[in-house]
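Engineer: Quick one: the structure is below, questions incoming.
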Amino acid sequence: MPARTSSSTVADVNAAGGPGPLGAGSLTSAAWRHAHLLQLGGLSDAELRTVLFRARQYAGLLREADRVVRPMIGVEQTGSVGPLEAVSSELRGRVIANLFFEDSTRTRVSFTVAARRLGAEVIDLTSVGSSVSKGETVGDTAANVSAMGVDGLVIRHRSSGACHLVVRTLAGDSEAMPERRRDPGRRICSVINAGDGRHEHPTQGLLDIFTLAESFERLGTFDLSGLTVGIVGDVGSSRVARSDIAGMTALGARVICIGPPALAPRSLTALGCEVSHDLDAVLPELDALNVLRIQFERHEVKPGEAKENQPRTASSNIIASVREYAELYAVNAPRVQRMRPHAIVMHPGPINRGVELTAEVADSRRSMVLRQVTHGVAVRMAVMSLCLNAPVS
Ligand code: MLT
């Protein structure tokens, strides 16, 4: 992943398919050269804009298709007709495999819809019902699926760095498998990170940025300077937060991570954000507040404390009392009233209503939760199209 560059020039932005003649209709993407998307950390602002401008073009087509096609043919129709016709063959003949070794609703469905919109075939694999349950490593599973001629792997895994490991394995670069060598005649299979442990969730970061830019009329440039974004909750466990911080700060936003010291430690400042333990003090400064779930499944639980076959919503050695947490950090109507009049509330889902976010706020006009989900399709179309069509190096 290349080092971050300084601010992009207008020429970079135009080359990226940004505003101006290229941005109006072209799908040119001169600034994108990566076959994989593993993280937003390390991407330049020009590279981020390349994906976001492409997503903006797809978002326009999807909106148009929704408006024009749906009333004509009914919501059950999934074929690409009308405004989507132009892009429906971009990935025709290509196969995308969803390898989800952790639960997901939004991300998996969204990647599937996005791939199909571009004409790709999609296959689904989970740890249940695959050889992962027999002890196969993620690297071996990925290498086997890739060897069948699959063009893209969308991977979710509970271990941070799992997607990097897969890329190394596919490149024949793994210490574990030194004899494996990539067939030089074959195009490398793209790997797209759909969330790896606490590391990153890059497409969620991109769709959060897209939603922010839309809400503050920055879709023309994706320049987020002047905006202050709070990320409240279990920031330390959150891969979404890491992608948000990397992408939003690269595009000029100020990011403040908020939570009790155990969930929002001062060490997060190394990522380029600020840290506060006092939500009420920070609220009046915010243009946007991204609310995170307490990710109990990523907390260590003492033996005997975990409840068998129950959602992990109460066992943690990090949070002593969910009730006390909610008193100080839950985003509720009185807190939202203290935010700036135009401020928005985001959440990556799944929401634990009544814990980190009240239903009243989740369903209010400030809530961008479903806009985020909608933008996820366009963003993932952009990522898959760019990565699977990246120039072979
Ligand atoms: C994730 O996969 O990290 C989700 O989008 C956020 C969460 O699980 O709370």
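Engineer: If a residue must be in contact with a strand residue (DSSP E or B) (Cβ under 6 Å, 6 or more places away or on another chain), in contact (Cβ under 8 Å) with a residue 60 or more places away in the chain and within 16 Å of the ligand (Cβ to nearest atom), how many such residues does the range 260-300 contain?
Structural biologist: Taking the range 260-300 as the starting set, the residues that turn out to be in contact with a strand residue (DSSP E or B) (Cβ under 6 Å, 6 or more places away or on another chain) are 264, 266, 268-269, 273-276, 279, 282, 285-291.
Then drop every residue that is not in contact (Cβ under 8 Å) with a residue 60 or more places away in the chain, which leaves 287-291.
Those still in the list that are within 16 Å of the ligand (Cβ to nearest atom) too: 289-291.
Going through the range 260-300 one residue at a time, the tally reaches 3.
Engineer: Here's something else I'd like to know. Just one of Arg335, Arg380 is basic (Lys, Arg), touching a residue at least 40 places away in the same chain (Cβ under 8 Å) and within 15 Å of the ligand (Cβ to nearest atom); which is it? Walk me through how you get there before you give the answer.
Structural biologist: Values: Arg335 fails: within 15 Å of the ligand (Cβ to nearest atom).
Being basic (Lys, Arg), touching a residue at least 40 places away in the same chain (Cβ under 8 Å) and within 15 Å of the ligand (Cβ to nearest atom) holds for just one of Arg335, Arg380, which is Arg380.
Engineer: Take the range 124-154 and flag every residue that is modelled with pLDDT of 95 or more and away from the ligand (no atom under 16 Å from the Cβ).
Structural biologist: Of the residues in the range 124-154, the ones modelled with pLDDT of 95 or more are 150-154.
Answer for the range 124-154, where residues must be modelled with pLDDT of 95 or more and away from the ligand (no atom under 16 Å from the Cβ): Val150, Asp151, Gly152, Leu153.
Engineer: Evaluate the following for Val191: is it at pLDDT 95 or above, surrounded by 21 or more Cβ atoms within 10 Å (Cβ to Cβ), closer than 20 Å to Arg158 by Cα and more than 16 Å from the ligand (Cβ to nearest atom)? Can you show your working first?
Structural biologist: Working: at pLDDT 95 or above: yes; surrounded by 21 or more Cβ atoms within 10 Å (Cβ to Cβ): yes; closer than 20 Å to Arg158 by Cα: yes; more than 16 Å from the ligand (Cβ to nearest atom): yes.
The answer is yes for Val191.
Engineer: Can you name the condition, by its number, that Val383 falls short on among (1) over 23 Å from Val331 (Cα atoms); (2) in a loop (DSSP other than H, G, I, E, B)?
Structural biologist: (2)
Engineer: Then there's this: From Ser104, Ser110, which residue is modelled with pLDDT of 85 or more, within 16 Å of the ligand (Cβ to nearest atom), surrounded by 14 or more Cβ atoms within 10 Å (Cβ to Cβ) and part of a loop (DSSP other than H, G, I, E, B)? I'd like the intermediate steps shown before the answer.
Structural biologist: Working: Ser110 fails: part of a loop (DSSP other than H, G, I, E, B).
Every option except Ser104 fails the conditions.
Engineer: crowded, with 18+ Cβ neighbours inside 10 Å, of a type in the set (A, V, I, L, M, F, W, C) and outside any helix (DSSP H, G or I), is that true of Ala264?
Structural biologist: yes
Engineer: Does the range 228-238 hold any residues that are touching a residue at least 60 places away in the same chain (Cβ under 8 Å), touching a strand residue (DSSP E or B) at 6+ places or on another chain (Cβ under 8 Å) and within 14 Å of the ligand (Cβ to nearest atom), and which are they?
Structural biologist: Hits for the range 228-238 are Ile231, Val232, Gly233.
Engineer: Tell me which residues, restricted to the range 359-393, are within 13 Å of the chain's Cα centre (by Cα), among the hydrophobic types (A, V, I, L, M, F, W, C) and crowded, with 19+ Cβ neighbours inside 10 Å. Write out each step before concluding.
Structural biologist: Keep residues of the range 359-393 that are within 13 Å of the chain's Cα centre (by Cα), which gives 372-384.
Now narrow it down to the ones that are among the hydrophobic types (A, V, I, L, M, F, W, C): 373, 377-379, 381-384.
If the condition is that a residue be within 13 Å of the chain's Cα centre (by Cα), among the hydrophobic types (A, V, I, L, M, F, W, C) and crowded, with 19+ Cβ neighbours inside 10 Å, then Val377, Ala378, Val379, Met381, Ala382, Val383, Met384 are the ones that fit.
The values are calculated or read from the model by the stated rules, or taken from the named source; none is laboratory data. What you are looking at is a predicted structure, and each value in this text was computed from that prediction instead of being measured. Positions of Cβ are backbone-derived with ideal geometry, glycine not excepted, and every protein chain shown enters the neighbour counts.
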